Amino acid sequence: MQKIIMCLLFVFIMSGCARNVEPTVENINKIFSSQDFTFEFHKTDGACESLSFRNDYLVYKSNKPTIRREITYEEVLLINDFIQKLVNLHSGELNPEVSPHYIIKNTAYKTVITPDQEDFYFKALIKTLKLK
């Protein structure tokens, strides 16, 4: 009986972990297809801001109060374009532990993008989405 419980517990824990995948368009589209995913920006100082997408709602989390509202089609296109540019700028040579990076994840997959670009582009995206 204990072996069965331990096996079930192991399977439950493993099924709850997202599988790390390379930051390719195909893998990111797998994540997007769930329509329930999170896009995080991790700054060099350890701070994190995130945009989560669930059932046509956008949830923005930062060190300020959380904002939750409906997302428009134009905003979806803007965010998709932003993420596509990040994928194109991804540098496998930069270390996410010491460089600003993005994480796109859902319950099944997770990818880390470390673009060779400045932090202010994410701030510009947040400002354009009128979240600050």
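The values are calculated or read from the model by the stated rules, or taken from the named source; none is laboratory data. Being a predicted model, the structure only gives us computed values, none of them experimental. Cβ placement follows ideal geometry from the backbone for every residue including glycine, while neighbour counts extend to all protein chains displayed. Keep in mind that these areas ignore ligands, DNA and RNA; they rest on the heavy atoms of the full protein, side chains included. Shrake-Rupley method; radii C 1.70, N 1.55, O 1.52, S 1.80 Å.
Entry remark, the range 95-132: residues being of a type outside the set (Asp, Glu), open to solvent by 60 Å² or more (accessible area, probe 1.4 Å) and more than 25 Å from residue 69 (Cα to Cα) number 2 in total. Restricted to the range 96-120, and to residues there that are of a type in the set (Ser, Thr, Tyr) and in contact with a Lys or Arg (Cβ under 8 Å, 6 or more places away or on another chain), the residue that is nearest to residue 34 (Cα to Cα) is 109. Under the condition of being charged (D, E, K, R), surrounded by 13 or more Cβ atoms within 10 Å (Cβ to Cβ) and at pLDDT below 95, the residues counted in the range 44-68 number 1.
Cβ separations smaller than 6 Å between residues 6+ apart or across chains give the following pairs from the range 45-57 residues that are without any contact (Cβ under 8 Å) to a residue 24 or more places away in the chain to residues that are among the hydrophobic types (A, V, I, L, M, F, W, C): 52/59; 53/37. Within the range 20-43, being over 11 Å from residue 102 (Cα atoms) and open to solvent by less than 30 Å² (accessible area, probe 1.4 Å) holds for 21, 27, 28, 31, 37. In the range 43-76, the qualifying residues are those that are under 19 Å from residue 113 (Cβ atoms) and among the hydrophobic types (A, V, I, L, M, F, W, C), and the one that is nearest to the chain's Cα centre (by Cα) is 51. Has the range 69-76 got at least one residue that is more than 20 Å from residue 107 (Cα to Cα), surrounded by 11 or more Cβ atoms within 10 Å (Cβ to Cβ) and touching a Ser or Thr at 6+ places or on another chain (Cβ under 8 Å)? Within the range 69-76, none of the residues are more than 20 Å from residue 107 (Cα to Cα), surrounded by 11 or more Cβ atoms within 10 Å (Cβ to Cβ) and touching a Ser or Thr at 6+ places or on another chain (Cβ under 8 Å).
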